[in-house]
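Engineer: This structure is in structure tokens; I'll ask about it shortly.
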Amino acid sequence: MHQHASLPMIARQPSGPLSGSVRVPGDKSISHRALMLGALAVGETRIEGLLEGEDVLRTAAAMRALGATVTREEGGTYTVHGRGIGGLVEPADVLDMGNSGTAARLLAGILAGHPLFAVLTGDASLRRRPMKRVIDPLSALGAAFWSREGGRLPLAIRGAATPLPADYTVPVASAQVKSAVLLAGLCAPGVSRVVEPTPTRDHTERMLRGFGATVVVNTTGEGGREILLTGQPELTGRPVSVPADPSSAAFPAVAALLVPGSSVTLEGVGLNPLRAGLYDTLAEMGADIEIRNRRDEAGETVADLTVSSSPLSGVDVPPSRAASMIDEFPILAVAASCASGTTRMRGLAELRVKESDRLAAIASGLAACGARVSIEGDDLVVHGTGAPPKGGATIATQMDHRIAMSFLVLGQVTEEPVRVDDGRFIDTSFPGFAELMRGLGAAIGPA
Ligand code: S3P
């Protein structure tokens, strides 16, 4: 998909305020998990609102390669016919997970519990990202791995015939690592135990329960969580309705906050408390965000958000909140660069190992636009003046969708337009981003 020439894009001030009511595409995390659990279940799983982004389509292709039937109906509903736990078949070729860390790491967990041989690879961004964090705990369950230096993809896996149940404390705050171990634990007899010192998004735990697994979650004394999963359950196919992705909604939300006079409604946004840290932070900064019609859909909380332009003030974002908004720091930093006063975002070491080194990409992009920004240890510090930075720069996207979208939002308010060198990666998580933004009145297009 990404072998073609790059796609430079430009963003400039729109002629008026942003307005309208839209639904952003489906949640990326939940979409991957629905396809994977559908493939591990017996019977049919119908998925409404699946994100048809590149990352998720890679997972769909991998599930097909492992023997599940995945079909798209007219209108975008997906149907998965699963093979049951332990029933996946050996893939005939290398599984290319494209740009997606979630797809690669969760799939490594599934493969670790199946006695078959598989090879995972990805694009240049994914091949730079650390996989040792899943190789180590999955090896302890009995799977064998061969990887490049430093645990990088391509990664060959020989799964265990009968994996051992897990007893693992996740050393970094990572839902991907937690989920990989739980998915391997599905194939093991007995109870797997995974402890996370810092709670991370719990879509895997919620969805496993929905498919019929026994999952017990206890809080630990220090604010962490202990997850107990009973292995070898029979998962049963079920309908899944995917909420709109709060990480994608963040882009039009911040654009509405920044462009004077705007009011935008974002429909059906997932507000799982372990994902919603950005919205809490924006509210602390003075954002006018009205949350209406809060409801439960398939085990996840969703709501409609009406975001109106607001003057923002700098805040201190504690490290304890980082996991609940880990993908939103690029767009929060953009908001902070237009706020009055300093915003300090603490404890962001994990941003160095995302689709790009996001700490460096945010800091250099904002600096190129004329903002005052620094990296202090693992903290990102943005000094706002109460007015947007000047803009006028071309941002190096570095194969990172969220860097591209964040700076295209910034370009809505800078005096001079902002360009990004390559917008192709936006399709990994938010196909139709530019069109949706233009529908609200934004000025974003090819350069
Ligand atoms: C994800 C978890 C996060 C996040 C990623 C999606 C998931 O990664 O950055 O976009 O779906 O589990 P980590 O868990 O590695 O922090």
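Engineer: What is the magnitude of the charge dipole of the chain about its Cα centre, with +1 placed on the Cβ of each Lys and Arg, -1 on the Cβ of each Asp and Glu, and no other charges, expressed in debye to the nearest 20?
Structural biologist: Working: 41 positive and 47 negative charges, 116 e Å.
Taking the Cα centre of the chain as origin, the dipole is about 560 debye.
Engineer: Using a cut-off of 21 Å between alpha-carbon atoms, which lysines can reach Lys178, once sequence neighbours fewer than 8 places away in the same chain are excluded?
Structural biologist: Straight-distance partners of Lys178: Lys28, Lys132, Lys354.
Engineer: Right, next: Using the Karplus curve 6.51 cos²θ - 1.76 cosθ + 1.60 with θ = phi - 60°, what ³J(HN,Hα) values do you get for each residue of segment 106-120, in whole Hz, with x for Gly and Pro?
Structural biologist: So the Karplus estimates, Gly and Pro as x, are 5, 5, 4, x, 4, 5, 4, x, 10, x, 9, 9, 8, 10, 10 Hz.
Engineer: List the equivalent ellipsoid semi-axes of segment 28-238 in whole Å, largest first, each obtained as the square root of 5λ for an eigenvalue λ of the Cα gyration tensor.
Structural biologist: Working: eigenvalues 104, 84, 55 Å².
Gyration-tensor ellipsoid for segment 28-238: 23, 21, 17 Å.
Engineer: Per residue, how many Å² of accessible area does the chain show with a 1.4 Å probe?
Structural biologist: Numbers: 15370 Å² over 447 residues.
On a per-residue basis, 34 Å².
Engineer: Also, I was wondering about something else. Apply the Karplus parameterisation 6.51 cos²θ - 1.76 cosθ + 1.60, with θ equal to phi minus 60°, to every residue of segment 73-87 and state each ³J(HN,Hα) to the nearest whole Hz, in sequence, with x for glycine and proline.
Structural biologist: Result, ordered by residue: 8, 4, x, x, 6, 10, 10, 10, 10, x, 10, x, 4, x, x Hz.
Engineer: Can you work out ³J(HN,Hα) from phi for every residue in segment 336-346, in order, using Karplus 6.51 cos²θ - 1.76 cosθ + 1.60 and θ = phi - 60°, giving whole Hz and x for Gly and Pro?
Structural biologist: 4, 5, 9, 7, 9, x, 8, 10, 10, 9, 9
Engineer: Could you order the peptides 339-350, 256-267 from most to least packed, using the average number of other C-beta atoms within 10 Å per residue? Walk me through the numbers on the way to the answer.
Structural biologist: Details: 339-350: 19.1, 256-267: 21.2.
Top to bottom by mean Cβ count within 10 Å: 256-267, 339-350.
Engineer: Further question: Arrange the peptides 52-59, 366-373, 290-297 so that the one whose residues have, on average, the most other Cβ atoms within 10 Å appears first.
Structural biologist: 52-59, 366-373, 290-297
Engineer: Of Gly365, Gly185, Gly20, which is the most mobile in a GNM of the chain whose springs link Cα atoms less than 10 angstrom apart?
Structural biologist: Gly20
Engineer: If you don't mind, there's one more thing I want to ask. Choose one of Ala160, Ser429, Gly98: the residue whose Cα lies farthest towards the positive end of the charge dipole of the chain (beta-carbon charges +1 Lys, Arg; -1 Asp, Glu; about the Cα centre).
Structural biologist: Ala160
Engineer: Which whole-angstrom value gives the distance between the alpha carbon centres of segment 153-184 and segment 270-291?
Structural biologist: Going from one Cα centre to the other spans 31 Å.
Engineer: Okay, next question. Could you give the size of the charge dipole of segment 28-238 about its Cα centre, using +1 on the Cβ of each K and R and -1 on the Cβ of each D and E, expressed in debye and rounded to the nearest 20? List each step's numbers first, then the result.
Structural biologist: Details: 23 positive and 20 negative charges, 68 e Å.
Its charge dipole is roughly 320 debye.
Engineer: Under 5 Å between amide H atoms, partner at least 5 residues away or on a different chain: which partners does Ser340 have, H built in plane at 1.01 Å?
Structural biologist: Close amide H contacts, sequence-distant or interchain: Leu312, Ser313, Gly314, Gly386.
Engineer: At 1.4 Å probe size, put Thr214, Thr397 in order of accessible surface, largest to smallest.
Structural biologist: On the way: Thr214 80, Thr397 0 Å².
Ranking Thr214, Thr397 by accessible area, largest first, yields Thr214, Thr397.
The values are calculated or read from the model by the stated rules, or taken from the named source; none is laboratory data. Just so it is clear, the model here is predicted, and its values are computed rather than measured. Glycine also receives a Cβ, built like all others from the backbone with ideal geometry; neighbour counts cover every protein chain displayed. Please note that ligands, DNA and RNA were not included when accessible areas were found on the heavy atoms of the full protein model with its side chains. Shrake-Rupley method; radii C 1.70, N 1.55, O 1.52, S 1.80 Å.
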